[in-house]
Structures are given as C-alpha cells and as structure tokens.
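Q: The structure's right below; bear with me while I get my questions together.
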Amino acid sequence: MNRPGFKTAIPRRRYKLGEFTIVVLGEIESSDSIDYQYILAVVQGQDPEPGLYITAEKAVVPAGEYSMRVVMKDGAEVIGSSAEWGSLDPFVDEALGIVSKVLTLADETPYRLM
C-alpha cells in the first residue's frame, strides 16, 4: 500500500463505524512531497495498521483548492477537489460518506468518540 507519508500529526477526531475505528489527523508534518491538510485513517478491529486512508492535499493549481485522495491496498486515486476540504467539518463529512460506500456500511452510523 502506498500510505501517506508523515512524521508527526495531531489526532483531531475519532469515530467508530461498525467494526472500524476512524482517526482524523491534522497539523501534519509530511515525510513525502505532499502537503497534507488532513488524513483520515480507517482501522478494522484490532489490526494496528490502517487499511484505508482518505487525504485532503493542498493543490498546487488552483490555489486554495484541496484534492481528496483515496488510498487502499490496491492503489490510490484522486477523486476530486474542493476549497471546502481545507476545513475540518466538510472534509470529515465527505470522507465518512466515502468510507461508508467503500466498506459497504450504508446501514451504520458513525459515532464520534472525540
């Protein structure tokens, strides 16, 4: 898996969605060439390694836009861009919807833990 590269990050929120734990990271010090605004990591059960990431990355062009990338074991794909994803709530709302679709958890409701 091509995981997002970061040295340090601050957990901003945690959620429980079915058997999955979701952590949203902010204030990220990158260890790769990408400037991350947020990283959402999805962990299943007791597995210590996330199996799914969704990132908000500062876009080079146009300025003020953020690209959203989905990173899974079989690859990564940018799925869109928006200036809104630079703010925590719009990013989390969109990313949780994507997680629900990718993991087929439409009947589950995410519960905020912190």
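Q: Taking only the alpha carbons of the range 1-65, what extent do you get along each of the three principal axes, in Å, biggest first?
A: So the three principal-axis extents are 38, 19, 19 Å.
Q: While we're looking at this one, here's another question. Skipping prolines and chain starts, which residues have an amide H placed within reach, meaning under 5 Å, of the one on L25, given they are 5 or more residues away or on another chain?
A: R12, I39, L40, A41
Q: Please give the charge dipole size of the chain, origin at the Cα centre, charges +1 on K and R Cβ atoms and -1 on D and E Cβ atoms. Round to the nearest 20 debye.
A: 240
Q: Tell me which residues come under 5 Å, amide H to amide H, from F6 once H is placed; ignore anything under 5 positions away on its chain.
A: Hits under the 5 Å cutoff: S31.
Q: Springs between alpha-carbon pairs under 10 angstrom, Gaussian network model over the chain: which of L88, L25, L103 fluctuates most?
A: With Cα springs under 10 Å in the chain, the top fluctuation among L88, L25, L103 is at L103.
Q: Could you work out the equivalent-ellipsoid semi-axes for the range 39-82, taking the square root of 5 times each eigenvalue of the Cα gyration tensor, largest first, in whole Å?
A: The answer is 25, 10, 6 Å, longest axis first.
Q: In whole percent, what relative contact order does the range 6-107 give with Cα contacts below 8 Å and a gap of six or more residues?
A: 17 percent.
Q: The chain: Rg/Rh from Cα coordinates, Kirkwood Rh? Please report the intermediate quantities before stating the final value.
A: Values: Rg = 13.2 Å, Rh = 14.1 Å.
Radius of gyration relative to Kirkwood radius: 0.94.
Every number here is computed from the coordinates shown, using simple stated rules; none is lab data. Bear in mind the structure is a predicted one, so any value in this text is a computation, not a measurement. Heads up, the Cβs are rebuilt from the backbone with ideal geometry, glycines too, and the neighbour counts pull from every protein chain shown.
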